[in-house]
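Notes follow the structure.
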Amino acid sequence: MKINNKIGIVMCMILLISFTSACSLSNTGPGKDTKVTKADCLELVTGMIDDKEYEAALVTYGDTEFDNVMEVFYDLNVDLEDGAIIYSVNSRAYEWAVLEVSGKKDVKVVKDAFANRKEQRSAAYYGYFPEETKMIDDGLVYSRGNYVVLAICDDEASAKEGFNKTFEMTEDELEALSDKNAVMIQKYRDAVGNDDKNTHEDKSDNNGSGKNNASQDNNDVNSEDNTDSDIDNNEKSEDDKNNNENNSNEVITSENDLKDIDDSTYYNQDIVRAVKTRDMSILTEPKDQAIYKAAVAVIDSVITEDMTDVEKEKAVHDYLCINMDYDIPAVDDESKADPDADNPYGMLVGHYGICSGYASTFKLFMDCFDIECIIVEGKANGLEEDHAWNKIHIDGKWYNVDVTWDDPVYYDEQGNVVTESWDENYQFFNCPDNVLEATEHYWNHDLYPESDD
């Protein structure tokens, strides 16, 4: 007897589907994708990284720091089966994350959080590290089954390829991969003091450059309160230094923990009086005299009597951006900064500085013009880097000025930090608080006037 062709085709399809279902593996639990892997998230995230050595930290699901990273980086609170995150501990923006969610509904939640992370990081680097900004914008947000991936790196296509290759590895291949990466994994764990992920004692390792990211994420997510670290100049006493060391284990958990500082410690206030009167005789220290001479030269070259306060402010801002450079060794390691990089001597005589050098020099000139100006000592990049900028009172209103972030640096193809010619960037010139908040500036709002306009 002949079988109807249509019935035969349908029966074959049913048999094929039944056979495929019976032979396929599936994860247990509701909402799981039928695609599975023998790899855990640690193996998947390390599979995305090339053989290049990075200054990075690693946290995995179950680590003491993991929940904190999830909250600070991604503002996520979802049910997870596993997770691993590797993030830069210097001013680079590198970041890799793999999260295995419990249900398919959370895949989109995590992907949206990763996309938002990229947007925030891009804003933080914008105008300051152009190459890092592009790398962030090109970063990968990807999902496979219940696994969601973020890769901000030099080659996001290779990262995706590495993830998928690891996803499909056999147990023997994964064991070989783990053996190969064992040293790297331990190094990245040590970067957050994570010797034992289940019995970790909180440690802090703040290597913040004071300059944006700039990354991403240098530095323990549980950042230390080192708000005085940028102002260790010759005027600070040994007692001050000892007190700062004794407080080095204090952990900042919110903006309101950030402390105010006495900005007079940046330079001798007699310099301002000397500049106003053009009388250097009141200054006895050679460095103070050098600052005086340099400041007078700048004022004579860029300031005219008919200028308004805003015009004077802009002239100083532009002069610093054009003629000063960030102290390059301090970009990735603040401990390598020149001792005078945090004050006007380093800026006006050496033509280099860190964030507090820019901020204190800007304030010095505003003091000379009797324009009310203060230094804000805060944090940047997820409470991970010490940072300083200014608030200025102009035409009856308070504004923010971050000269450091208006003066960009970037990394070349060899990974070297390079200063870039100023491109007339005014993103952080006389801006309101919400601009700084959107670009990951943090400060104790109770200590400083609001800038709402």
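The values are calculated or read from the model by the stated rules, or taken from the named source; none is laboratory data. Worth saying up front: this structure is predicted, and the values here are computed from it rather than measured. Because the Cβ atoms are built from the backbone with ideal geometry, glycine has one as well, and the counts that use them run over all protein chains shown. Heads up: the accessible areas ignore ligands, DNA and RNA and are worked out on the full protein's heavy atoms, side chains in. Shrake-Rupley method; radii C 1.70, N 1.55, O 1.52, S 1.80 Å.
Taking a ≥ b ≥ c as the square roots of the eigenvalues of the Cα gyration tensor of the stretch 76-119, is the shape rounded (a/c under 1.5), prolate (a/b larger than b/c) or oblate? The shape class here is oblate.
For the stretch 284-330, just say rounded, prolate or oblate: build the C-alpha gyration tensor, square-root its eigenvalues into a ≥ b ≥ c, call rounded for a/c under 1.5, and beyond that prolate if a/b exceeds b/c, oblate if not. In terms of gyration-tensor shape, oblate. Mind giving me the nanometre distance, one decimal, between the label points for Arg278 and Asp370, set 7 Å out from Cα along Cα→Cβ? Result for the modelled spin labels: 1.7 nm.
If a/c stays under 1.5 just call it rounded; otherwise compare a/b with b/c (prolate if a/b is bigger, oblate if not). Do that for the stretch 57-201, with a ≥ b ≥ c from the square roots of the Cα gyration tensor eigenvalues. Verdict is rounded for the stretch 57-201.
What pairs in Lys38/Lys108; Lys276/Lys363; Lys118/Lys312 have C-alpha atoms more than 26 Å from each other? Pairs exceeding the cut-off: Lys118/Lys312. Residues Phe429, Phe167, ordered by accessible area of protein heavy atoms at a 1.4 angstrom probe radius and largest first, appear as Phe429, Phe167.
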